Structure formats: structure tokens, C-alpha cells
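Student: Would you mind keeping the following structure in view while I ask a few things?
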Amino acid sequence: HKSALFAYQKGLDNLQAADYEQAESWLRMSLAQFEKLNYPYLTGAAHHSLGLAFIHTGKYSDSRLHLKTALLNWKQLDNWLEQANVLQALGYLAYKEGDNAWGLGRYYEALEYCKKANPSPALNRLRRDIELSIEDLENNPNELS
């Protein structure tokens, strides 16, 4: 249990520090342990974080697999905030792959999910980030910050 949490935290730290290959390694380790321990929330979080790391290392098909698995996980847990968060990541992934229309669709879908989530500062930040991504993509289809 503690080693899985340690590995997950190390993965998040590496993700924040933009050391994506190290993040992948730690997050894979934590995911395997969370799955064995049957921790649905942390399993979803690890899939989500691993999907983000894979976007940054250009492993788009791996990213999509983990993000979609995380989305299913969050649906089973009825977690609207995290579903919106994953949809935002899928929108960014689509942009990175050059499919701006599909990406915009995921961003708008994420905003709809935000409406179902419980109010919180995290929801406010996510909604603002999604709106900025939509604005960037609609105004500058070749650049997304």
C-alpha cells in the first residue's frame, strides 16, 4: 500500500517536473500495485496520470488507452470532475495528433461534464483551463498553450 502511494507520488512529482520518462516508470509501477490492491480511485488516477505522461513522450496510442481506461473508471465511480478532466486531456491529445475538430468536441464535452460536478475550486480551475483551451484552439488552430 505505502509503496504504491510512494511510487504514485514520485510519478506525479516527475510529471510536474516535466521528467516524463521517469514519470512513466513510477506511474506504471504504482498502477500495477493499485490494480492488485483493488483501489479503484487510485487506479483511475494512475491511468489518468500515465496517459498525461504518454502525451508528452509522444506515445499517443498508449496515452489514449490509459485516458480512456481512466474515463471508464471515473464513470464507474460517478466522478464528474475527473471525467471532465480526462476529456480535457483527450482533447489535448487530439490536438497533438492534428485532429482539432475532435479535440474541440472533447473540450466542449468536458464543459458539459463540469456542469454535473460538485462546485469546488478545482472545478473552477478546470473549467477556466478548458475555456482557455477552446479559445486558443478556435483562434489559433495551429497553436495551443
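Student: Take the stretch 15-28 and flag every residue that is in contact (Cβ under 8 Å) with a residue 24 or more places away in the chain and either farther than 22 Å from Ile55 by Cα or in contact with a helix residue (DSSP H, G or I) (Cβ under 7 Å, 6 or more places away or on another chain) (or both). Break it down stepwise before answering.
Tutor: Step one: of the stretch 15-28, the residues in contact (Cβ under 8 Å) with a residue 24 or more places away in the chain are 15, 18, 20-21, 23-24, 27.
Result: Leu15, Tyr20, Ala23, Glu24, Leu27.
Student: Cβ-Cβ under 6 Å, sequence separation 6+ or interchain: first residue in the stretch 37-63 and within 16 Å of Asn14 (Cβ to Cβ) and in contact (Cβ under 8 Å) with a residue 24 or more places away in the chain, partner surrounded by fewer than 23 Cβ atoms within 10 Å (Cβ to Cβ) and acidic (Asp, Glu). Which pairs?
Tutor: Between residues of the stretch 37-63 that are within 16 Å of Asn14 (Cβ to Cβ) and in contact (Cβ under 8 Å) with a residue 24 or more places away in the chain and residues that are surrounded by fewer than 23 Cβ atoms within 10 Å (Cβ to Cβ) and acidic (Asp, Glu), the close pairs are Ala53/Glu24; Phe54/Asp62.
Student: Any idea which of Leu126, Leu50 is of a type outside the set (Ser, Thr, Tyr), under 24 Å from Ala17 (Cβ atoms) and more than 10 Å from the chain's Cα centre (by Cα)? Full working, then the answer.
Tutor: Working: Leu50 fails: more than 10 Å from the chain's Cα centre (by Cα).
When all the criteria are applied, what remains is Leu126.
Student: Residues to consider are Leu77, Leu137, Leu67; find the one that is under 12 Å from the mean Cα position of the chain (by Cα) and either under 29 Å from Asn38 (Cβ atoms) or buried (at least 18 other Cβ atoms within 10 Å of the Cβ) (or both).
Tutor: Details: Leu77 fails: under 12 Å from the mean Cα position of the chain (by Cα); Leu137 fails: under 12 Å from the mean Cα position of the chain (by Cα).
Going through Leu77, Leu137, Leu67 in turn, the sole match is Leu67.
Student: Given the conditions (1) within 28 Å of Pro119 (Cβ to Cβ); (2) free of Cβ contacts under 8 Å to residues at least 40 places away in the same chain; (3) assigned to a helix (DSSP H, G or I); (4) of a type outside the set (Gly, Ala, Ser), report the number of the one that Leu81 does not fulfil.
Tutor: Here Leu81 meets the rest and fails (2).
Laboratory data are not the source of any read-out in this text; all were calculated from the coordinates shown. Model, not experiment: these values are computed from the prediction. Using ideal geometry, Cβ is built from the backbone for each residue, glycine included, and neighbour counts are taken over all protein chains shown.
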